Amino acid sequence: MKQSNLKVLITGGSSGIGLALAKKFIDNKNTVIITGRDLAKLEKVKSDNPKIIFFQSDVTSEAEVKKLADDIDQQFGGIDVLINNAGIMCLLDTGNEANDLTRQYAEIDINFNSPVRLVHYFLSQLKKSKEAAIINVSSGLAYVPFAQAPVYSATKSALHFWTRSIRLHLKPHNIKVLELLPPVVDTPLAHAADIAEDDNLKPMPSEKLAEAFWKGYLNNKEEITPGISTQLKLMSRLAPNFIFKQLNKQPIPKK
Ligand SMILES: NC(=O)c1ccc[n+]([C@@H]2O[C@H](COP(=O)([O-])OP(=O)(O)OC[C@H]3O[C@@H](n4cnc5c(N)ncnc54)[C@H](OP(=O)(O)O)[C@@H]3O)[C@@H](O)[C@H]2O)c1
């Protein structure tokens, strides 16, 4: 994989993993464009990291994604690398009929439908690049479901299967398809879901995650599995029931 002089688009780059990846690409002399919904968060990132370019754009809006593709094409002449990173995680009890159905639909739309949408609208730009790559950020939970986050685990598993399939479709077009499957990382998402507070899970700092990503990316590794994600991948094949029970010892939260 080429290290520098690439135009990189990262969805959801205003915090956590997306921001750490943005800084890594900036440090390696690339043009980095990030997106997000919250303008104040994007402006704060810009004031801390003046080289980062941002567009306020919601990945779930067909019109906004189409406009983003048009604007980037006009202003930058297209992208080389698309990183589908934007995501949310909800812990919930499916047995509780009062749980928030809208949030579950949003989780599916952001985590799974949106990468499909982004690839669709940026495909023509990626086809024109000589260094084209798509990087989908799924999760170690794509290998083993975390029952406390049932919709989340399902979206990440769907993203994982879709990523493996489209790799074959896009190879003849010289578009590489990589997948980053993080473990628990110390980000606002993990804190909001309370998983970063679980001492057993030991969240990885986002800078360390970005280091592991960079190593895998430079080596053209199709599935980058930092930290415990490597064990989750292995155990999901060797002892799927055992690892499922290990990961799901905690009671389902009353949410
Ligand atoms: N942290 C972990 O433990 C962990 C582990 C495995 C995988 N992951 C995955 O890593 C990715 C990044 O997560 P993170 O932990 O870095 O979370 P985060 O810090 O909460 O960042 C999520 C980013 O996505 C953006 N976003 C959310 N919904 C969006 C939408 N509809 N349109 C555009 N942007 C949107 C957020 O900005 P706005 O809210 O302003 O839009 C923010 O920039 C996610 O796909 C997540 O599933 C995280």
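Laboratory data are not the source of any read-out in this text; all were calculated from the coordinates shown. Computed from a prediction, not measured in an experiment: that's the story for all the values here. Virtual Cβ from ideal backbone geometry, glycine too; neighbours counted across all protein chains shown.
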Below 8 Å, C-alpha to C-alpha, sequence gap of six or more: please give me the relative contact order for region 34-102 in percent. 21 percent
When the dipole is taken about the Cα centre of region 7-247, and only Lys, Arg (+1) and Asp, Glu (-1) are charged at their Cβ, what size is it in debye, to the nearest 20? 1080 debye
Suppose R0 equals 35 Å. What FRET efficiency, 1/(1 + (r/R0)^6) with r the Cβ-Cβ distance, do ASN113 and LYS29 give to the nearest 0.05? 0.60
Excluding residues fewer than 8 positions from LYS130 in its own chain, the lysines with Cα under 24 Å of it are LYS2, LYS7, LYS23, LYS24, LYS29, LYS51, LYS66, LYS67, LYS171, LYS176, LYS215, LYS221
Can you pull the one-decimal nm distance between simple spin-label points at LYS171 and LYS255, each 7 Å off the Cα toward Cβ? 3.9 nm
Evaluate E = 1/(1 + (r/R0)^6) for ARG164 and ARG237, where r is the Cβ-Cβ distance and R0 equals 22 Å; express this FRET efficiency to the nearest 0.05. 0.90
Do you know the relative contact order of region 77-175, to the nearest whole percent, from alpha carbon pairs under 8 angstrom that are 6+ apart? 38 percent
How far, in degrees from 0 to 90, does helix 206-218 lean away from the longest principal axis of the Cα atoms of the chain, to the nearest 10? 60 degrees
What is the mean projected area of the alpha carbon convex hull for region 7-247, to one decimal in square nanometres? 13.1 nm²
Tell me which of GLN250, MET235, ILE195 sits at the most positive position along the dipole axis of region 153-255, charges placed on C-beta atoms (Lys, Arg +1; Asp, Glu -1). MET235
Just in region 8-105: which GluC sites (Glu not before Pro) are loop by DSSP and have at most 14 other Cβ atoms within 10 Å? GLU97
Using Cα pairs under 8 angstrom and six or more residues apart, how large is the relative contact order of the chain, in percent? 20 percent
Cβ-derived FRET efficiency at R0 30 Å, ALA98 paired with LYS46, nearest 0.05: 0.15
